Each structure stands twice: as structure tokens, then as C-alpha cells.
Amino acid sequence: MNIDKRLVRRDSLEKLFDILKQNSKKIYAPFLKNGKTTFRDAESFAMISTGHIQTTESSKDIAFPRTEKILDYSKGKDGLVVKGIDLENLPGVILWGVRPCDAVGIGALSSIFNWDYKDEIYNSRLLQVTVFGFSCNKSDEYCFCTSVGGTPGNTAGSDILFTRMGEDGDYLAEILTDKGITVVLMAPDLFEKSEIAEKEKFLAVVPVRFNNKEISEKLDKFFESKVWNDQSLICLGCGACAYVCPTCACFDIQDEAHGKSGSRIRCWDSCGFSHFTLHTSGHNPRAIQSARWRQRIMHKFSYMPERLSVFGCTGCGRCSRACPADMNILENLISIQEVTL
Ligand code: SF4
Ligand code: SF4
């Protein structure tokens with residue numbers, strides 16, 4: 001599909017927001033609260049945060065909620081009754097203000113949820129989501145999208161990508177998918193035809209910090225390296241890095257029973273937790289933190305590229321910003337590149 005480029009005036013974004021609301025769209029956008037910028041249900045345009053480099057948490061919970069009841073059950077005189085999620089009537093959602101390194105993570109997450117088993121709940125939710133990406137015009141020392149194949153203006157994963165042309169400028173809107181076209185047709189006057197300059201000069205500069213191909217190849221021979229122990233000595237195993245990550249997909253399933261009825265709940269988990277791989281026998285194949293740290297890096301930079309042809313990391317830097325122990329994934333990847341076998 002040819003990318004259709006339109007001009008959206010600075011003042012038109014609020015009008016677009018209002019038109020989408022009038023069309024019963026739920027809009028999920030970044031809010032600044034208590035020093036954290038996170039995605040929330042947006043009631044008004046004025047509440048949306050724009051000045052952040054990156055949201056504290058990713059937007060993955062729109063299709064993969066952190067806690068989700070997947071079914072209710074009850075046992076009565078007519079036998080067992082099971083009621084699942086009504087996947088036919090999920091609400092249409094606009095995911096507004098997603099950074100490119102978050103949007104591209106949707107592809108990585110989808111590849112996990114469709115690898116061997118097609119996760120119907122995840123897929124049905126995602127089908128209802130239209131992604132409004134917003135290019136980055138600033139970055140910080142934690143960003144490394146360009147080291148894993150991305151850019152601050154990457155279109156992958158967005159249905160429409162907005163790029164602000166200058167500090168107080170108008171927006172270049174790249175209409176990328178049929179979902180994006182549907183939005184344009186709701187407010188055609190706001191998407192003006194225009195000869196628009198290239199967007200690159202308006203984007204943040206993010207230098208390439210390591211060679212991802214070299215790292216993936218090196219990891220093949222690195223399983224027994226002492227680097228895992230050296231790097232993970234300060235790790236608390238708290239799981240914050242997994243919870244903020246746009247591509248981490250570990251989950252647990254719990255049953256909550258109350259007499260003859262109950263619910264089955266899916267909730268986020270982390271391969272960084274010691275209980276994650278604990279067998280009922282008491283044996284734990286990843287009993288120490290260094291084995292769990294190795295798994296995190298191996299999964300993202302070796303197993304996923306090999307099995308799913310995609311990195312499990314988009315270079316968003318969230319895990320490093322969130323880590324209470326100052327673990328920095330970028331520094332650790334650079335040190336893996338530099339260490340000799
Ligand atoms: S956030 Fe930091 S301390 Fe917590 S599990 Fe991740 S790397 Fe370890
Ligand atoms: S591993 Fe860290 S830098 Fe990579 S996508 Fe996840 S949160 Fe972002």
C-alpha cells in the first residue's frame with residue numbers, strides 16, 4: 001500500500017479527538033500523574049501528555065491486560081456452566097500517542113501470541129485497536145531503537161504516524177493501514193492534502209550503540225559465560241523490567257474458586273521471578289538470578305530472532321529507567337559485544 005501523507009494542523013488534533021469521541025471511540029492516551037506518564041482512558045484532549053520522551057509503562061496492556069478474567073464457571077444441578085469473554089463485542093479503541101519503539105513492539109508481542117497457539121483473546125482485542133503513533137523529537141541516554149533496527153520515526157506497528165514538524169509546528173500524518181484510512185474518512189477535512197517535506201530533520205537523533213547481528217551470533221556460544229553472573233549480581237529479581245517492557249509476554253493463569261463457582265484469571269508474570277520456573281517437585285531449572293538474567297537476554301536477542309525472525313527488544317530503554325538497582329540493558333549489551341569468549 002502506498003503511504004498517503006497528509007498535513008494535520010496543530011489545532012486540528014483536538015478536533016480529531018472530539019470527532020473520535022462523538023463516534024463512540026474509547027481513546028487510550030498518555031497521562032502524567034505523580035511523575036509517571038502512563039496510558040489511561042482519555043476523557044478530554046487537555047489531559048493528554050505530550051512532552052514526555054517515553055511513557056513509564058508500555059501500551060501492551062491494551063491487548064494483553066495485566067490482569068484479565070478469562071472465564072467464570074459455576075457448578076449447579078444442570079452441570080458445569082462456563083462463561084468466557086464476549087470477544088464479539090469488544091470496544092473499538094484508539095491508542096493515541098504511542099512512540100515508534102512501542103508500536104513496533106506490538107508486532108513482536110503478536111508473534112509470541114501466534115507462534116504455536118493462536119491466542120484468540122489477544123488477537124480479538126488487537127483487532128479493535130487503531131494505533132496513532134507519534135514520532136520522537138527527543139531522546140535520552142537510555143534510548144537505543146536504532147541498534148535494534150528501529151528509528152525515531154519508524155512507521156511499523158502504527159496505523160497513522162504523526163510527526164510534529166518543529167517545536168510548535170503542524171503534523172505530518174502518514175496513513176499506513178486500512179484502519180488509518182477509516183479514521184481519515186471520519187474527519188476528512190482535518191487531513192489536508194499537501195506537498196510535505198521529509199520528516200527526518202524533525203526526528204530525534206539516536207546513535208547506533210551496538211551491532212545486533214554480532215550480539216545474536218555471539219549469544220549462541222555464550223551460554224556458560226561468567227558475564228551473566230557479573231551483570232546480574234545487583235539484580236533484585238523484582239520483575240519491574242518485564243512489567244514495563246512492550247514485548248515481555250510471560251503470564252500466569254490462576255483459578256479463584258468460591259465454593260461451586262469461580263473465575264480463571266490471566267495475569268502478567270516474569271521470567272525474572274524465582275518461582276516462574278519452579279517445578280512442583282521443588283526443582284528449579286533457573287534457580288539463581290544469573291540464569292534468569294541470561295534467559296531474559298537470550299530470549300530477546302537469540303531465541304526470538306531465531307524462531308520468530310524478530311527481536312524481543314525495541315530499544316525503548318524503559319527497563320533501564322524503571323530498574324531500582326540501576327541495571328542498564330544497553331550497557332550490558334555493549335559489554336557483551338566487547339567481552340571475548
Ligand atoms: S528491574 Fe532491575 S532489579 Fe528488577 S528484575 Fe529487572 S533488572 Fe532485576
Ligand atoms: S528489554 Fe528493555 S529496552 Fe528492550 S523493549 Fe523491553 S523495556 Fe524496552
Inset, instruction - Check off (1) within 19 Å of GLY312 (Cβ to Cβ); (2) in contact (Cβ under 8 Å) with a residue 60 or more places away in the chain for LYS213 and give me the number that stays unchecked. - result: (2)
Legend entry - Criterion (within 16 Å of ligand 2 (Cβ to nearest atom), of a type outside the set (Val, Ile, Thr), modelled with pLDDT of 95 or more and under 19 Å from the mean Cα position of the chain (by Cα)) met by exactly one of CYS267, CYS248: CYS248
Legend entry - Residue among ALA325, ALA291 that is within 16 Å of ligand 2 (Cβ to nearest atom), at pLDDT 95 or above and more than 25 Å from SER110 (Cβ to Cβ): ALA325
Inset, instruction - Answer yes if at least one residue in the stretch 252-263 is crowded, with 17+ Cβ neighbours inside 10 Å and among the basic types (Lys, Arg), and no otherwise. - result: no
Inset, instruction - Give the residue that is nearest to THR155 (Cα to Cα), with candidates limited to residues of the stretch 179-216 that are in contact with a strand residue (DSSP E or B) (Cβ under 7 Å, 6 or more places away or on another chain) and in a helix (DSSP H, G or I). - result: GLY180
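For the stretch 216-249, what are the residues that are among the aliphatic types (A, V, I, L, M) and either over 15 Å from GLY315 (Cβ atoms) or surrounded by fewer than 18 Cβ atoms within 10 Å (Cβ to Cβ) (or both)? Working first, answer last.
So in the stretch 216-249, the residues among the aliphatic types (A, V, I, L, M) come out as 219, 227, 233-234, 236, 240, 242, 244, 249.
The answer is LEU219, VAL227, LEU233, ILE234, LEU236, ALA240, ALA242, ALA249.
Out of PHE311, PHE222, PHE273, which single residue is within 16 Å of ligand 1 (Cβ to nearest atom) and not acidic (Asp, Glu)? Working first, answer last.
Values: PHE311 fails: within 16 Å of ligand 1 (Cβ to nearest atom); PHE222 fails: within 16 Å of ligand 1 (Cβ to nearest atom).
Sole residue among the options that is within 16 Å of ligand 1 (Cβ to nearest atom) and not acidic (Asp, Glu): PHE273.
Name every residue in the stretch 312-322 that is over 16 Å from TRP293 (Cβ atoms) and near ligand 2 (Cβ under 8 Å from one of its atoms), in order of residue number. Outline the logic, then answer.
First, pick out the residues of the stretch 312-322 that are over 16 Å from TRP293 (Cβ atoms): 314-318, 321.
Once the filter is applied, which keeps residues that are over 16 Å from TRP293 (Cβ atoms) and near ligand 2 (Cβ under 8 Å from one of its atoms), the stretch 312-322 yields THR314, GLY315, CYS316, GLY317, ARG318.
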Inset, instruction - Output the number of the condition that LEU161 fails; it satisfies all remaining conditions of (1) modelled with pLDDT of 95 or more; (2) more than 29 Å from LEU16 (Cα to Cα); (3) not charged (D, E, K, R). - result: (2)
Inset, instruction - Using the structure shown, decide if SER302 is assigned to a helix (DSSP H, G or I) and over 17 Å from ASP140 (Cβ atoms). - result: yes
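Here's the yes/no breakdown for (1) surrounded by 16 or more Cβ atoms within 10 Å (Cβ to Cβ); (2) free of Cβ contacts under 8 Å to residues at least 24 places away in the same chain:
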position	(1), (2)
ARG10	no, no
LYS15	no, no
ASN23	no, no
ILE27	yes, no
THR37	yes, yes
SER58	yes, no
Inset, instruction - Within the stretch 257-270, track down each residue that is within 16 Å of ligand 1 (Cβ to nearest atom) and among the hydroxyl-bearing types (Ser, Thr, Tyr). - result: SER270
Legend entry - Output for the stretch 326-336, where each listed residue is closer than 15 Å to TYR243 by Cβ and part of a loop (DSSP other than H, G, I, E, B): MET327
Legend entry - Hits in the stretch 227-277 (condition: on the phi > 0 side of the Ramachandran plot and either assigned by TED's automatic domain parsing to the domain that holds THR56 or among the hydroxyl-bearing types (Ser, Thr, Tyr) (or both)): none
Legend entry - Residues within the stretch 66-89 that are buried (at least 16 other Cβ atoms within 10 Å of the Cβ) and either on the phi > 0 side of the Ramachandran plot or part of a loop (DSSP other than H, G, I, E, B) (or both), tallied: 1
Legend entry - Flag if VAL148 is farther than 30 Å from ILE334 by Cα, among the β-branched types (Val, Ile, Thr), buried (at least 17 other Cβ atoms within 10 Å of the Cβ) and not assigned by TED's automatic domain parsing to the domain that holds GLY312: no
Legend entry - Subset of the stretch 314-341 [away from ligand 1 (no atom under 13 Å from the Cβ) and under 17 Å from the mean Cα position of the chain (by Cα)]: THR314, GLY315, CYS316
Inset, instruction - Enumerate the pairs (first residue in the stretch 94-122 and modelled with pLDDT under 95; second residue anywhere and aliphatic (A, V, I, L, M) and assigned to a helix (DSSP H, G or I)) with beta-carbon separation below 7 Å, excluding pairs fewer than 6 apart on the same chain, so at least 6 apart or on different chains. - result: TRP115/LEU308
Legend entry - The one condition in (1) without any contact (Cβ under 8 Å) to a residue 40 or more places away in the chain; (2) more than 11 Å from ligand 1 (Cβ to nearest atom) that ALA249 fails to fulfil: (1)
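The values are calculated or read from the model by the stated rules, or taken from the named source; none is laboratory data. No experiment lies behind these values; they were computed from the predicted model shown. Quick reminder, even Gly has a Cβ in these numbers, built from the backbone with ideal geometry, and neighbours come from all protein chains shown.
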